[in-house]
C-alpha cells in the first residue's frame, strides 16, 4: 500500500509540472448561494443537484459573530450541535440527526480530523479564521468523501480568488464575561497573483469562573498565482486554544455535588495546523484538471484523569488527490476523483509509554451527470475505497492484528424542474438514494483491543474480543422547493439505515458492533423576502431508533440518545437607512440523555433549550461600522454554588446537555474599520 501511495503522489507531482486552468476557483463572479462546489464532483447550480445542501456566506458568518465552527452552527443549524458548556468545550455534530462520527469536516477539500481522537470532530475546536464560505450537506456523502460521512459533510472554504475590490478590515469587540475579540484581514495583489492574511484572537470567561479564561489565537495565510492557463494556490492555518473544563464529574443524584467535582484549574490545550496546495488547469483545452496536496496536524494536552499534569495526544494526516472532468456533450458529462491519504496517531499508554496507530487509504470514484430533458437531470456516482490500519502498543503480552477494509458505495439521484409549477415558480422536486460505509477510527480500534486484550485493563476478557466490523448503510433523501411571490418554501425528508455500525456502549464503556440503527427526519423551511426586511423560520422533527431492542426502548440506547425530537428556528433581518438589525431565536425540545454512572443511567430530559441572539449595526460611514450584540440572552447566570446545589438542574435554557451550564449572556460592543 505504501508503494502504491508513493506512486500516485509522484504521478500527481509529475502532472503538476506539465500543462494544464481552473475548475474549483472560488471566483467572486461564480461564488454565490446558488452554486455548490461540494455537492458533486463538478461545480453545480443548487437547483440542479438532488442533494440537501445549505450555503453559509461571509455575511452569515459575520452575523453570528462566531469564533468557531461550533458556535456558528449552533445558530445556523439549531439542535444539531450539542455543546457541553462554554466556549471551546466539547461539542458534537449531529447534522441531520446523524451520529457525530458520521460527519466529515473539510477545509478547501481536505479533511480536518483528529486521528488521535475518538472519531468525531469537535466543532468548537475548528477556527473560522479566514473562512469566507461554508457548505453543508446534511445527507449521506460516502461517495463524495468516503468513510465517516454517512451523516453528511461540512465544507469550509477560504477565498481562493484575487481580491480585486476587497477592502482590508480591523474588528474589535469588548463585552462582559471578559469577552474580547480582535479580527484583522489584509490582502495584496500583483500581476496575476495575490496574498491574503487573517488573524483572530479571542478571550472569554466560562459560565462559572475558572482560574484561566478561554483563549484562542488563529492565523491564516493564502497565496495565489495565475500563469497563463495554470492556477496555483496555497493556504496555511494555525490555531491555538486553551479551554477550561472545570467539571471533573457530573452525576445524577438527589444530594448536592461535592466540591471535588469542580476543579477551577482544570483545562486542555490544543494546537492544530492545516496546509493545502492546489494546482488547476485544463488539459487539451477540454478536460479541467485539479491536483491537490495537503496536511492536517493536531496536538492535544488533556488533563490526567484523577491526577495532575497532562496526557499528550498527537495526530497527523497527509492527503493528496486529483479530479478531472469530461464534457461529452451539452447534456452528458463525467468526472473522476482519486484520493490518497495516510494518517498517524499517538496516544498515551498506561501506566507508561506511547501507543501508535497508522492508517492508509486509496479511493477512486466516477460520477456522471445527464440532463435527459429540459426538466429532468440524473446523477450517478460509483466509488471504491481501500483502507488499512495497523497498531503498535507499548504494553507487553498482546498484539493487535491489522485491519483491512474494501468497500464500494453508490448513489443515484434525480432532479425534476417542471416547466409548469404546481405552486409558485422555480419549483424543484428531487430524490437521492444509495449506500454508505464507515471504518472505525484508529483510536477506536486501539481502545477496543486494549480494553479486551491488555491484562491490566478493567475490561480484560480476551474471549470476548471481536474486531470492530466495517459499517454499512443505505439511505434515501427527498425534497421539494418552490418560490411563491415573496416566499421561498423548502421541504426535506431523510432516512438512513445503518445495517452494521460501530458504537460506544455506555454500559460496558467499550466500543462494540451493532446493527439496525434507523435515523430519520423531516424539515420545512419558510423564507419571506420583504423590501427592507427578511424573515426565516423552520421546523424540524427527527429521531434515531435502535431496531434491535424492544419498541419501548428503541429511543433510549447508547446509539439513539441525544437527538432533540422537535426543533424550531426563527430569524429576522431589518434595515433602516444606515442601521440594520438581526434577531435569531432557536428552540429545541426534549431528548434522551446520559446522566452518568456505570452502568450508564439513560433517561428523558424534558426541559427545552432556547437561545436568543440580537445584533444592531450602525454604518457611520463607508469605512466605519459600530455594533451592539447580545448573545445567549435567555441563559441564566450560574454561580459555582448554584451548580454544586443543583439549582438549575432540569431547568429550561440552563444547559444543552445535562450538568454542563450553558454560556452566560454576553453583551458586547464592536467597531469595524474598513480601508
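Tabulated data
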| item | result |
| --- | --- |
| Any hit, region 72-84, residues being crowded, with 24+ Cβ neighbours inside 10 Å, in a loop (DSSP other than H, G, I, E, B) and at pLDDT 90 or above | yes |
| Residue count, region 305-363 (criterion: under 30 Å from residue 264 (Cα atoms) and assigned to a loop (DSSP other than H, G, I, E, B)) | 10 |
| The one condition in (1) more than 20 Å from residue 72 (Cα to Cα); (2) out of contact with any strand residue (DSSP E or B) (no Cβ under 7 Å at 6 or more places or on another chain); (3) surrounded by 18 or more Cβ atoms within 10 Å (Cβ to Cβ) that residue 209 fails to fulfil | (3) |
| Lone qualifier among 615, 670 - being within 27 Å of the chain's Cα centre (by Cα), more than 27 Å from residue 562 (Cα to Cα), assigned to a strand (DSSP E or B) and modelled with pLDDT of 95 or more | 615 |
| Odd one out for residue 653, checked against (1) more than 27 Å from residue 60 (Cβ to Cβ); (2) surrounded by fewer than 21 Cβ atoms within 10 Å (Cβ to Cβ) | (1) |
| Set 493, 526, 506, 517: member being crowded, with 20+ Cβ neighbours inside 10 Å and out of contact with any helix residue (DSSP H, G or I) (no Cβ under 7 Å at 6 or more places or on another chain) | 517 |
| Extreme residue, surrounded by the fewest Cβ atoms within 10 Å (Cβ to Cβ), among residues of region 559-599 that are out of contact with any strand residue (DSSP E or B) (no Cβ under 6 Å at 6 or more places or on another chain) and farther than 30 Å from residue 254 by Cα | 577 |
| Any hit, region 34-43, residues being buried (at least 24 other Cβ atoms within 10 Å of the Cβ), in a loop (DSSP other than H, G, I, E, B), at pLDDT below 90 and touching a strand residue (DSSP E or B) at 6+ places or on another chain (Cβ under 7 Å) | no |
| Residues of region 382-410 classified as in contact with a helix residue (DSSP H, G or I) (Cβ under 7 Å, 6 or more places away or on another chain), over 27 Å from residue 369 (Cβ atoms) and not in a loop (DSSP other than H, G, I, E, B), total | 3 |
| Residue pairs meeting the criteria (Cβ under 7 Å; at least 6 apart or on separate chains; first on the phi > 0 side of the Ramachandran plot, in region 501-516; second assigned to a loop (DSSP other than H, G, I, E, B) and modelled with pLDDT of 90 or more) | 516/547; 516/548 |
| Among the residues listed as 543, 625, the single one being outside any loop (DSSP other than H, G, I, E, B), over 30 Å from residue 165 (Cα atoms), touching a strand residue (DSSP E or B) at 6+ places or on another chain (Cβ under 8 Å) and modelled with pLDDT of 95 or more | 543 |
| One residue from 413, 424, 479 being on the phi > 0 side of the Ramachandran plot and out of contact with any helix residue (DSSP H, G or I) (no Cβ under 7 Å at 6 or more places or on another chain) | 424 |
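The values are calculated or read from the model by the stated rules, or taken from the named source; none is laboratory data. Since the model is a prediction, treat every value here as computed from it, not as a measurement. Cβ: placed from backbone, ideal geometry, glycine included. Neighbour counts: every protein chain shown.
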